[in-house]
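Trainee: Quick one: the structure is below, and I'll ask about it shortly.
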Amino acid sequence: MTTCTADHLHTPVPVPPYPEVPQGAFQHGIANQALADWVARIALLTRPDEIVWCDGSDEEWHRMTEAMVQAGSLIRLDPGLRPDSFLARSTDDDVARMEDRTFICSQTESQAGPTNNWRAPGSMHAELDGLFAESMRGRTMYVVPYSMGPVGGAISQLGVQITDSPYVVVSLATMTRMGTEALREIGPDTPWVAGVHSVGHPLRNADGTRREDVAWPSNPTKYIAHFPEERAIWSFGSGYGGNALLSKKCFALRIGSTIARDEGWLAEHMLLLKLTDPSGRAFHIAAAFPSACGKTNLAMLRPSLPGWSVETIGDDIAWLRPGPDGRLWAINPEAGIFGVAPGTSEATNPVAVDLVRKRTIFTNVALTEDGDVWWEGKSEPPAHLIDWQGHYWTPASGLPAAHPNARFTAPLTQCRTLADDWFAADGVPVDAILFGGRRASNVPLVVESTSWEHGVFMGATISSERTAAQEGTVGELRHDPFGMLPFVGYDMGDYWQHWLDVGAALGDRAPRIFQVNWFRKGPDGSFLWPGFGDNARVLAWIAARVSARDTAGAVESELGLIPAEGALDVRGLDLPNRSLYALFEVDSAAWLEECDEIAAYFASLGDTVPAAVRAQLVALRERIGEPQSHSASSREGGSAGTATETSGRRAVVASGVAA
Ligand code: OXD
Ligand code: MN
């Protein structure tokens with residue numbers, strides 16, 4: 001494995017003594033010379049007033065949050081209502097991940113592939129060196145060592161982020177296993193991923209005069225640049241979320257996916273949960289969805305089915321690696337939750353509501369008059385608030401009080417449904433993988449793939465309605481393969497091939513793959529499926545399928561295996577037969593259109609799309625055949641009998657499961 005060396009920094013200056021940089025003495029427990037050299041070189045480039053090595057202690061967290069309150073960059077919430085909790089407000093040009101400012105700087109453009117912005121590493125380094133030059137004047141440069149995954153675990157990896165943002169430091173303390181213990185793991189030859197981050201707002205001008213600080217420093221020029229060959233990330237100008245907490249999307253997914261490709265494992269945008277059935281049998285499920293499509297809610301689901309339980313292991317990222325027993329093992333590399341606040345309530349996610357009751361940093365939510373937080377969907381709107389931009393707000397203001405991508409950052413250990421497995425150094429064996437998106441039409445509630453290749457096709461063809469987590473028009477349908485469109489650190493077709501290769505290596509020990517969609521709508525535009533706790537009904541069917549040796553509980557449809565008569569437990573649900581039918585309906589005309597659309601998408605990705613994935617599209621088209629005329633009235637008629645007249649195979653489902 002490549003280690004980060006000083007050569008990667010392209011700063012031709014030698015390293016003179018810099019007071020806080022240990023010069024070979026390693027008094028901070030640094031046993032890695034490349035790390036000490038790198039810190040010195042970044043300091044020489046960025047010229048901070050001081051360098052602080054973060055230890056990850058509680059004392060450090062309290063000291064830093066208090067200093068930020070004093071400086072006006074955090075607002076302390078009422079300690080009685082939300083102990084140790086704070087509100088940060090960003091500027092309105094720094095509110096989400098910026099995919100158009102995100103670059104993969106591999107040696108060649110084709111290595112980055114058509115879904116990534118590419119820049120040649122030399123030219124990007126040259127530009128970044130110019131931007132970072134003296135960018136930390138007047139500020140403290142923090143050196144933040146961290147472990148992704150349990151320190152020393154078989155799947156875990158190490159990283160060090162340099163940043164001039166104390167907000168980033170306290171967030172990383174929550175989101176990762178940060179501090180001295182992680183630093184001690186970095187031995188003389190231990191690989192680690194380097195992250196350099198500056199908000200780009202120095203506090204002293206070139207002539208030495210003082211420049212005012214602001215509550216949310218940032219820079220109009222923004223870059224989030226990845227150097228896969230160097231295993232390094234450079235981020236400039238933004239302080240927000242995935243742009244600035246480099247452990248998350250930048251390391252755990254973009255650089256992580258390239259490491260995973262090289263080493264034969266998977267770095268994925270997946271939640272991880274433990275499902276236990278009434279007999280006590282446990283199943284581990286990893287599920288990939290695009291951003292803001294309900295991963296956090298699913299990871300913290302309260303099953304509506306008696307006797308079933310769901311425990312949380314992760315809500316955003318999973319690293320999955322073939323274990324010594326030939327199965328796929330997974331960890332959540334993160335230690336905290338950076339969750340979307342709007343829409344989170346006692347009704348939708350009581351576990352998350354409880355999780356943020358203390359020691360939480362809220363960003364861009366509204367402030368109540370008693371010093372608590374509020375966001376759309378939390379409760380009835382209060383009569384007045386201070387909105388996320390610091391302005392007086394009433395329900396008549398006509399604008400959201402919280403930004404739609406407002407977030408909370410809280411430790412996973414505060415999650416009352418946290419599974420003990422989260423602590424397991426080497427992770428958990430995965431029984432099932434789910435792929436989902438936000439689709440109003442076409443995609444059924446649940447479908448099981450008939451092979452690993454078919455499952456890879458399901459992942460490759462996820463498309464989803466755009467949400468506020470990324471910039472762009474909310475609601476627009478976009479392809480988001482594996483929920484990883486913004487996160488694959490190399491060519492998309494090669495990434496699909498890598499999935500095929502991992503499956504081939506796992507052979508019959510590979511987890512089963514399913515596609516789910518909680519968001520299908522009926523003709524009146526309302527959701528067909530209740531979602532939330534009732535999604536456990538789908539998980540229960542998936543668990544039954546994982547336990548089944550044959551096709552028990554499933555029947556074939558054009559898209560794959562769907563629940564057989566009586567196999568999906570819908571007892572107690574107020575779900576008319578016609579809705580159940582519509583949840584599984586395969587409209588052949590619409591699917592033929594979707595096939596054309598998928599073919600065009602594959603063509604846009606170029607010739608690295610694997611033949612096995614293309615073959616799945618051909619096979620799907622053949623299964624769908626000629627468009628069938630399903631009249632709207634027969635669909636809406638919705639009795640089991642009506643369904644039988646339109647399609648023999650689907651009839652089994654529609655007539656049976658409602659019983
Ligand atoms: C996230 C995202 O923040 O996917 O998790 O955008
Ligand atoms: Mn995410």
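Trainee: G489: surrounded by fewer than 21 Cβ atoms within 10 Å (Cβ to Cβ) and either away from ligand 1 (no atom under 16 Å from the Cβ) or part of a loop (DSSP other than H, G, I, E, B) (or both), yes or no? If you could, list the steps in order and put the result at the bottom.
Mentor: Numbers: surrounded by fewer than 21 Cβ atoms within 10 Å (Cβ to Cβ): no; either away from ligand 1 (no atom under 16 Å from the Cβ) or part of a loop (DSSP other than H, G, I, E, B) (or both): yes.
So G489 does not fit the description; no.
Trainee: Follow-up question, since we're still on this one. Quick check on P382: is it of a type outside the set (D, E, K, R), assigned to a loop (DSSP other than H, G, I, E, B) and more than 16 Å from ligand 2 (Cβ to nearest atom)? Quick ask: steps written out before the conclusion?
Mentor: Working: of a type outside the set (D, E, K, R): yes; assigned to a loop (DSSP other than H, G, I, E, B): yes; more than 16 Å from ligand 2 (Cβ to nearest atom): yes.
Yes: the conditions hold for P382.
Trainee: Also, I was wondering about something else. Please specify each residue of the range 152-202 satisfying the condition of being aromatic (F, W, Y) and outside any helix (DSSP H, G or I). Write out each step before concluding.
Mentor: First pass over the range 152-202, keeping only residues aromatic (F, W, Y): 167, 192.
Selection gives W192 alone.
Trainee: Can I ask one more? Considering only the range 458-477, how many residues are more than 14 Å from ligand 1 (Cβ to nearest atom) and at pLDDT below 75?
Mentor: Matching residues across the range 458-477 total 2.
Trainee: Across the range 144-157, what is the number of residues that are over 19 Å from the mean Cα position of the chain (by Cα) and crowded, with 24+ Cβ neighbours inside 10 Å? Show your work before the answer.
Mentor: First pass over the range 144-157, keeping only residues over 19 Å from the mean Cα position of the chain (by Cα): 144-145, 151-154.
Adding the requirement that they be crowded, with 24+ Cβ neighbours inside 10 Å leaves 144-145.
Residues that pass the stated criteria total 2.
Trainee: Between a first residue in the range 288-305 that is over 23 Å from V488 (Cα atoms) and touching a residue at least 60 places away in the same chain (Cβ under 8 Å) and a second residue that is of a type outside the set (A, V, I, L, M, F, W, C) and within 13 Å of ligand 1 (Cβ to nearest atom), which pairs have beta carbons less than 8 Å apart while being 6 or more apart in sequence or on different chains?
Mentor: The qualifying pairs are M300/D315.
Trainee: Next question, about the same structure. Among the candidates D494, D501, which residue alone is at pLDDT 95 or above, surrounded by fewer than 16 Cβ atoms within 10 Å (Cβ to Cβ) and within 29 Å of E99 (Cβ to Cβ)? Spell out how you get there, then give the answer.
Mentor: Numbers: D494 fails: surrounded by fewer than 16 Cβ atoms within 10 Å (Cβ to Cβ).
Unique residue meeting the criteria: D501.
Trainee: Being more than 23 Å from S345 (Cβ to Cβ) and in contact with a strand residue (DSSP E or B) (Cβ under 7 Å, 6 or more places away or on another chain), is that true of even one residue in the range 402-421? Reasoning before the result, please.
Mentor: As a first pass, look at the range 402-421 and keep what is more than 23 Å from S345 (Cβ to Cβ): 419-421.
Now drop any that are not in contact with a strand residue (DSSP E or B) (Cβ under 7 Å, 6 or more places away or on another chain), which leaves 419, 421.
So far as the range 402-421 goes, yes, one or more of its residues are more than 23 Å from S345 (Cβ to Cβ) and in contact with a strand residue (DSSP E or B) (Cβ under 7 Å, 6 or more places away or on another chain).
Trainee: A further question on this structure: Considering only the range 492-524, state which residues are in contact (Cβ under 8 Å) with a residue 60 or more places away in the chain and part of a loop (DSSP other than H, G, I, E, B). So that I can check it myself, show each step before the final result.
Mentor: Step one: of the range 492-524, the residues in contact (Cβ under 8 Å) with a residue 60 or more places away in the chain are 492-502, 505-507, 509-523.
Of everything in the range 492-524, those that are in contact (Cβ under 8 Å) with a residue 60 or more places away in the chain and part of a loop (DSSP other than H, G, I, E, B) turn out to be A510, P511, N517, W518, F519, R520, G522, P523.
Okay, residues lined up against (1) more than 26 Å from M175 (Cα to Cα); (2) aliphatic (A, V, I, L, M):
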position: P382; (1), (2): yes, no
position: L385; (1), (2): yes, yes
position: W388; (1), (2): no, no
position: W393; (1), (2): yes, no
position: A396; (1), (2): yes, yes
position: A406; (1), (2): no, yes
position: A410; (1), (2): no, yes
position: Q414; (1), (2): no, no
position: T417; (1), (2): no, no
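Trainee: Here is a further query. Given the structure, is A536 in contact (Cβ under 8 Å) with a residue 40 or more places away in the chain and either under 31 Å from the mean Cα position of the chain (by Cα) or in a loop (DSSP other than H, G, I, E, B) (or both)?
Mentor: yes
Yes/no per residue for (1) at pLDDT below 95; (2) crowded, with 16+ Cβ neighbours inside 10 Å:
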| site | (1), (2) |
| --- | --- |
| D7 | yes, no |
| V15 | yes, yes |
| S57 | no, no |
| W61 | no, yes |
| T65 | no, yes |
| L77 | no, yes |
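Trainee: While we're here: Does P290 count as under 14 Å from the mean Cα position of the chain (by Cα), at pLDDT below 95 and within 16 Å of ligand 1 (Cβ to nearest atom)? Write out each step before concluding.
Mentor: On the way: under 14 Å from the mean Cα position of the chain (by Cα): yes; at pLDDT below 95: yes; within 16 Å of ligand 1 (Cβ to nearest atom): yes.
The answer is yes for P290.
The values are calculated or read from the model by the stated rules, or taken from the named source; none is laboratory data. Since the model is a prediction, treat every value here as computed from it, not as a measurement. Cβ sites come from the backbone with ideal geometry, for glycine too, and all protein chains shown count toward neighbours.
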